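To start, the structure itself, in structure tokens.
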Amino acid sequence: MKATAVANANIAFVKYWGDADLALHLPVNPSISMNLDSLSTVTTVAFLDGPGADRVIVDGAPANPATHRRVTAHLDRVRALAGTKVRARVVSRSDFPTGAGLASSASAFAALTLAAAAALGLELPEGTLSALARLGSGSACRSIPPGFVEWVTGESHGASCGRSIAPPEHWPLRDCIAIVSATHKTVGSREGHARAPSSPLHRARVEGAAGRVAACRGAILARDLATLGSAMEADTVMMHAVARTSRPPICYWTPGSLHVIRAILAWRAAGVPVYYTVDAGPNVHCLCDEADAASVVQRMEKLPGVQQVRVARPGGGARLVPEHLA
Ligand code: PMV
């Protein structure tokens, strides 16, 4: 009745931003991403005899009430599948700042889903696990399969899940992440999804998303960084334009984010192939070839507002591990 899983965060090249079905997290557009090997969450779930309240420890402290409710609601979905009401003890640890646009909810809900299912003896196929993880946090469905992952919108719960289009070893890309703030974002992505339709730019973003996903998929398969990078940057700017023009508006970027973005554009103009993307937070992900990563990191560390640079490679899928956290 105890299992531990590890899952990586992922960075979306084409973003999920807005729901066709808010409760089921069925997205309005397809998305595509890469798992990040060095940004992970480890979660141990133990089910204890009898009903009662769940205990949830996140990064060494009891979860705040909102997180506790979200975790319990997710455990309820897994318990319902197993036909049980036993209470759980959850201990979870992420090795990167959570809630700052580094997709911590993706790795957290992917690890929670796999650990809870395994602890209850459920052997679910990858697509089923991915769809289940999506109910906890949309982008978590892309952290279940390995490597480069596409999330097809799907019109029903079971059909809306992530599928791997290439394994991590397919392309040794590097994601150099400029951390310009490690504090919690003020408007969570759930609220962002809900506000998206209020933007006059929402429809245009959604209409072009499938084309950008196709461009990214082709570029990944061909290992073509220039095509991937330009589709990714276009999608990033559109997602943030929708957020900025939502009612009420949301601005995730800080002056530090802009310093990095402007530097990337200048370095590229000077011949360094590096491209940026930003999730629902201020930190900037910079994609480049393995051979350019060291010099990109060195340059990034000198920029104003950059507190730290983390480097990630393409990561694997969610997996069970033998060592438990508690
Ligand atoms: O999974 P959520 O609800 O936290 O939404 C993720 C939103 C973005 O990170 C901005 C985009 C994405 O597709 O990961």
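The values are calculated or read from the model by the stated rules, or taken from the named source; none is laboratory data. Because the structure is a prediction, the values reported are computed rather than measured. Neighbour counts are summed over all protein chains in view; Cβ atoms, including those assigned to glycine, are modelled from backbone coordinates with ideal geometry.
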**Item:** Residues of the range 265-278 satisfying the condition of being more than 13 Å from the ligand (Cβ to nearest atom) and assigned to a loop (DSSP other than H, G, I, E, B)
**Value:** A270, G271, V272, P273
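Please state which one of S143, S164, S160 is under 18 Å from A9 (Cα atoms), within 14 Å of the ligand (Cβ to nearest atom) and either surrounded by 22 or more Cβ atoms within 10 Å (Cβ to Cβ) or at pLDDT 95 or above (or both).
On the way: S164 fails: within 14 Å of the ligand (Cβ to nearest atom); S160 fails: under 18 Å from A9 (Cα atoms).
Every option except S143 fails the conditions.
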**Message:** Taking the criterion of being in contact (Cβ under 8 Å) with a residue 24 or more places away in the chain, surrounded by fewer than 20 Cβ atoms within 10 Å (Cβ to Cβ), farther than 30 Å from P167 by Cα and in contact with a helix residue (DSSP H, G or I) (Cβ under 8 Å, 6 or more places away or on another chain), would at least one residue in the range 252-270 satisfy it?
**Reply:** yes
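Can you find a residue in the range 148-168 that is assigned to a loop (DSSP other than H, G, I, E, B), closer than 26 Å to V274 by Cα and more than 16 Å from the chain's Cα centre (by Cα)? Step through it out loud before you land on a result.
To start, the set of residues in the range 148-168 that are assigned to a loop (DSSP other than H, G, I, E, B) comprises 152-161, 167.
Within this subset, residues satisfying the condition of being closer than 26 Å to V274 by Cα are 167.
Within this subset, residues satisfying the condition of being more than 16 Å from the chain's Cα centre (by Cα) are 167.
The answer is yes; a qualifying residue exists.
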**Unmet criterion (only one of (1) outside any loop (DSSP other than H, G, I, E, B); (2) within 15 Å of the ligand (Cβ to nearest atom)) for V187** = (1)
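Return a yes/no flag: does the range 6-14 have any residue that is closer than 19 Å to S130 by Cβ, aliphatic (A, V, I, L, M), more than 16 Å from the ligand (Cβ to nearest atom) and surrounded by fewer than 24 Cβ atoms within 10 Å (Cβ to Cβ). Working first, answer last.
Keep residues of the range 6-14 that are closer than 19 Å to S130 by Cβ, which gives 6-14.
Add one more test, that the residue is aliphatic (A, V, I, L, M), and what stays is 6-7, 9, 11-12, 14.
Right, trim to more than 16 Å from the ligand (Cβ to nearest atom) and you get 6.
Remaining after also requiring surrounded by fewer than 24 Cβ atoms within 10 Å (Cβ to Cβ): 6.
Yes; the residues of the range 6-14 include at least one that is closer than 19 Å to S130 by Cβ, aliphatic (A, V, I, L, M), more than 16 Å from the ligand (Cβ to nearest atom) and surrounded by fewer than 24 Cβ atoms within 10 Å (Cβ to Cβ).
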**Prompt:** Checking E155 against (1) within 13 Å of the ligand (Cβ to nearest atom); (2) within 14 Å of D19 (Cβ to Cβ); (3) at pLDDT below 95, which test does it fail?
**Reply:** (1)
**Item:** the range 99-112, residues that are in contact with a strand residue (DSSP E or B) (Cβ under 8 Å, 6 or more places away or on another chain), closer than 11 Å to T67 by Cβ and at pLDDT below 90
**Value:** S104
**Request:** List every residue pair whose Cβ atoms sit under 6 Å apart, with the two residues 6 or more apart in sequence or on different chains, where the first one lies in the range 121-142 and is touching a residue at least 60 places away in the same chain (Cβ under 8 Å) and of a type in the set (K, R) and the second, anywhere, is near the ligand (Cβ under 9 Å from one of its atoms) and in a loop (DSSP other than H, G, I, E, B).
**Result:** R134/H25
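Restricting attention to the range 31-57, report how many residues are in contact with a Gly (Cβ under 9 Å, 6 or more places away or on another chain) and surrounded by 18 or more Cβ atoms within 10 Å (Cβ to Cβ). It would help to see each step written out before you state the result.
Step one: of the range 31-57, the residues in contact with a Gly (Cβ under 9 Å, 6 or more places away or on another chain) are 31, 33-40.
Next, from what is left, pick out any that are surrounded by 18 or more Cβ atoms within 10 Å (Cβ to Cβ): 31, 33-36, 39-40.
The number of residues fulfilling the criteria is 7.
Residue-by-condition table, conditions (1) closer than 17 Å to D175 by Cβ; (2) in a helix (DSSP H, G or I):
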position: M232; (1), (2): yes, yes
position: R247; (1), (2): no, no
position: A263; (1), (2): yes, yes
position: A280; (1), (2): yes, no
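Residues that are polar (S, T, N, Q) and over 28 Å from A243 (Cα atoms): find the strands (runs of 3 or more DSSP E) completely inside the range 1-77 holding 1 or more of those.
Working: elements: 2-14, 19-21, 31-48, 55-58.
Hits in the range 1-77: 2-14, 31-48.
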**Asked** Here are A182, A178, A196, A140: which of them is hydrophobic (A, V, I, L, M, F, W, C), assigned to a loop (DSSP other than H, G, I, E, B) and within 30 Å of V306 (Cα to Cα)?
**Response** A182
**Asked** over 17 Å from the mean Cα position of the chain (by Cα), closer than 15 Å to G138 by Cβ and not assigned by TED's automatic domain parsing to the domain that holds F109: does that describe V206?
**Response** yes
